[in-house]
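One structure below.
The values are calculated or read from the model by the stated rules, or taken from the named source; none is laboratory data. In this text, all values refer to a predicted model and were calculated from it rather than measured experimentally. Every residue, glycine as well, gets a Cβ built from its backbone with ideal geometry; the counts of neighbours run over all protein chains shown.
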Amino acid sequence: MKRICRSGIRTLRYHKMLKDIRVSCAPHISQPLSTRSVMIDVIIGLVPAMAAAGYYFRIHAAILIATCVITCVATEGLCNLIRKKPNSLDDFSAVVTGIVLALSLPPKLPVWTAVVGGVFSIAIGKMVFGGLGANIFNPAMIGRAFLTASFGVMMTSWTVPATMDPAMPAIAQENALNARTQATPLAWSKLAIKNKLGADIYSEQQFKAAVTGEVGGCLGETSVIAILIGGLYLLVRRTIDLHIPAAVLAAAFVFGGIAYLIDSYVYVQPFFHLSTGGLLLCAFFIATDPVTAPLTRRGMWLFGIGVGTVTMLIRIVGEYPEGVMYSVLLMNAVTPLIDRLFKRIPAGGKPSV
Amino acid sequence: MLSQHLGAVCKPLVKKADTVQAGQKIGDRDAFVSAPVHSPISGKVKEIALRSHAVLGRSPAIVIEALPDNPTKRSGLDLGGDFDESRYSAEQICQAVREAGIVGMGGAGFPTRVKIEPDPQVPKETLIINGCECEPYITCDYRIMLEWTDQIVAGVKLAGKASGCSQVFIAIEDNKPKAIEAISAALSKSGNGDNIRVVPMKTKYPQGGERQLIRAILKRNVPTGGIPPMIGAVVLNVATVAAIAEAVVSGSPLTHRVVTVTGEAVARPGNYYVPIGTSVEDLIEFCGGVTELSAKIVLGGPMMGIAIADLGTPITKTTNAVTVLTKEQIGRAKFAGRQTACIRCGRCLQVCPENLIPTKIAHAVKHNLLDVAERNYINACIQCGCCSYVCPANIELTGYIKTGKLFLARQKKKMAESSV
């Protein structure tokens, strides 16, 4: 069977003019599209978010992104060497993992921690499963989860953006690391929920900041505008489908809205939830990772709704201020089940026999 | 070639060293699903042997050496003024179609007589004439719609009469306004065309598949694993219809057909009226040869055609095109046959006209899990090639599925044999 299926097959010297005639199965033409071009599109889509990160966190952004990308690429190369597999670096998927990982880390994370995260992402998150296409979980999220579990304090120390007005005393404070850090909007919202503080004042003040990105948080998640530009690019290029982002954001909005309607004093407005934390980055760049998302459209909706719902559950009811990472990993785990749930029926109906 | 159709292979009616006349029947079979074969030329039977066949690999063929003074067959049919289909009875038409060896000329090659003959159990209601080109690159149907317009209209009426269909649609893609105009004009000129309607179709691939046409026109689905007559529909290609007219009116068998010779590596691409049985080499030679850039010679179009390794492969009744592709047309990665891992992007699901999950089926076949492939409806695949076309990982999805279908059929056959 393999002999027939593999294209590339026989060459034949039959005619003087026809020195290199190939035989393979139809079709004989294809769209000029490759895994690499898909990945490059994702990288281009991430550029605005990276630029925003560079603007707000200056050198930290550059260091973190470079570290993660280099580590991821090197790890994948090394894994291929050890497993004696052909080089798979030319599909650029390791670069995408590196960038996504970097964008989901706190800006001032030490370099060695980022290296650990990168190695774990690729080695455990992807290569042990057999490389690109075979991984069950989003590699970048696996790396981030590992770092969160291992280095909790580092992973929750948020640096103030370099452009930020220092006269914003209410939320800025000095901490033991001697760096200017601040609580992220979500941490604040969590505090509000726990201590029954008025959340409304804070959320109004922060909404504008979240749109531009002038706020504490992970490297790439702060700027709503940058992520939306990148996400729009991917949608226009049809690299991603609208289904997953729409489902994630709609579900989060609905659940945020329900909480807000129940108690608008304690809970922040639903728009605030959409604009803060990693939800947007997740909706456009993390949950849409095709390898770990369902195949069918209905499956994608369910997957997206699951991600949005679990995120909001963690944010509103759970212990952590942010739940994007765990919700993505959880939904990744049930993706095979979703695929099994939504079977596609042939256009002509099920065969009668 | 003694097998140019779906169904039983013909038995040769001539012996080695016999002299045959142009149009003489040289192969036939009693089986219901079969069609006779005729010699397109006068000549001497050189041998009866196995020859390369585009679909079957190798198949028995009658090799005829042409006599030096072979008259060229004139293309098209002179209807001689007004055409009146009431002169022919349905049985007469069916008989003529059978004797002329007419098969579906769009590609599948199902014997036409079997298609149009009324079935007492399921009455045929709708006749769809397929004027949608099967594939990109191919233009032979378009050409004959322009040049043989009257003949096609006559054939449509004959086919409608033979099958007893009350409504007839002529489906033409909307990028061929000239053909739509010409056919409409011919219809109104010939009168009594009230139940025959020309329907412009959206130009897309695959539109010329019969399941797709029926879905687009009748808004009904042919059951999976079923054939159009199950819902009372018959789909005939325009080339087939033209052949029907010729067979019924002049009694001449199907010995020639129009073939599109195309692709960037051909010196003089175009549509040629070719005797069936001509080798690809002769045809390409006639078209001015090919350039050094040619990388693949395909019988049929680029999406479903079959790449051949032997230029001695003959044109058959079902060969609608010879496409000679260059490396650039194929694409570098595709040419090298480089495949990467599936990233589950879902593009193949979106393009599949039959609403299948190509990647799942293909990977099941790859790992020899034919039962999984069958559970994912592998046999509903029409092998249009769209999934392979869009796959960013360059996986030969259609190739795997095709192989899987073949293996499955073989397995079934073996099981049936062992249980008897």
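Here are some notes:
- Some residue of segment A:31-38 being facing chain B (nearest Cβ under 9 Å), at pLDDT 80 or above, under 17 Å from the mean Cα position of the chain (by Cα) and part of a helix (DSSP H, G or I): yes
- Test for A:LEU295: is it surrounded by fewer than 19 Cβ atoms within 10 Å (Cβ to Cβ) and either on the phi < 0 side of the Ramachandran plot or more than 14 Å from chain B (Cβ to nearest Cβ) (or both): no
- Exactly one residue out of B:ARG375, B:ARG410 is free of Cβ contacts under 8 Å to residues at least 40 places away in the same chain, within 30 Å of A:LEU242 (Cα to Cα), more than 8 Å from every other protein chain (Cβ to nearest Cβ) and surrounded by fewer than 18 Cβ atoms within 10 Å (Cβ to Cβ), and it is B:ARG375.
- Taken together, B:GLU354, B:GLU396 contain a single residue that is in contact with a Lys or Arg (Cβ under 9 Å, 6 or more places away or on another chain), under 18 Å from A:PRO346 (Cα atoms) and within 7 Å of chain A (Cβ to nearest Cβ), which is B:GLU354.
- Within segment A:98-113, the set of residues being within 19 Å of A:ASN138 (Cβ to Cβ), hydrophobic (A, V, I, L, M, F, W, C) and part of a helix (DSSP H, G or I) comprises A:ILE99, A:VAL100, A:LEU101, A:ALA102, A:LEU103.
- Residues that are at pLDDT below 75 and touching a Lys or Arg at 6+ places or on another chain (Cβ under 7 Å) within segment B:328-351 comprise B:PHE335, B:GLY337, listed in sequence order.
- Filtered residue count, segment B:233-259, keeping only those that are touching a Pro at 6+ places or on another chain (Cβ under 6 Å) and either free of Cβ contacts under 8 Å to residues at least 12 places away in the same chain or on the phi > 0 side of the Ramachandran plot (or both): 0
- Residue match in segment A:201-214 (condition: under 21 Å from the mean Cα position of the chain (by Cα), at pLDDT below 90 and over 30 Å from A:ILE59 (Cβ atoms)): no
- Failed item, numbered, when B:ALA364 is tested on (1) part of a helix (DSSP H, G or I); (2) facing chain A (nearest Cβ under 8 Å): (2)
- Flag if A:ALA283 is assigned to a helix (DSSP H, G or I), within 16 Å of the chain's Cα centre (by Cα), modelled with pLDDT of 90 or more and surrounded by fewer than 20 Cβ atoms within 10 Å (Cβ to Cβ): no
- Boolean, B:GLU328 is of a type in the set (Asp, Glu), surrounded by fewer than 24 Cβ atoms within 10 Å (Cβ to Cβ) and more than 7 Å from every other protein chain (Cβ to nearest Cβ): yes
- Lone qualifier among B:GLU264, B:GLU246, B:GLU285 - being within 11 Å of chain A (Cβ to nearest Cβ) and charged (D, E, K, R): B:GLU285
- Residue count for segment B:249-304, restricted to those that are touching a Lys or Arg at 6+ places or on another chain (Cβ under 8 Å) and closer than 21 Å to B:SER39 by Cβ: 10
- Residue within segment B:260-273 that is surrounded by fewer than 22 Cβ atoms within 10 Å (Cβ to Cβ), in contact (Cβ under 8 Å) with a residue 24 or more places away in the chain and in contact with a Phe, Trp or Tyr (Cβ under 9 Å, 6 or more places away or on another chain) present: yes
- Taking each residue of segment A:250-276 that is polar (S, T, N, Q) and looking for partners that are part of a helix (DSSP H, G or I) and buried (at least 16 other Cβ atoms within 10 Å of the Cβ) with beta-carbon atoms closer than 6 Å, six or more apart or interchain, yields A:GLN269/A:SER203; A:GLN269/A:TYR260; A:SER275/A:ALA210; A:SER275/A:VAL224; A:THR276/A:PRO185; A:THR276/A:LEU186; A:THR276/A:ALA210.
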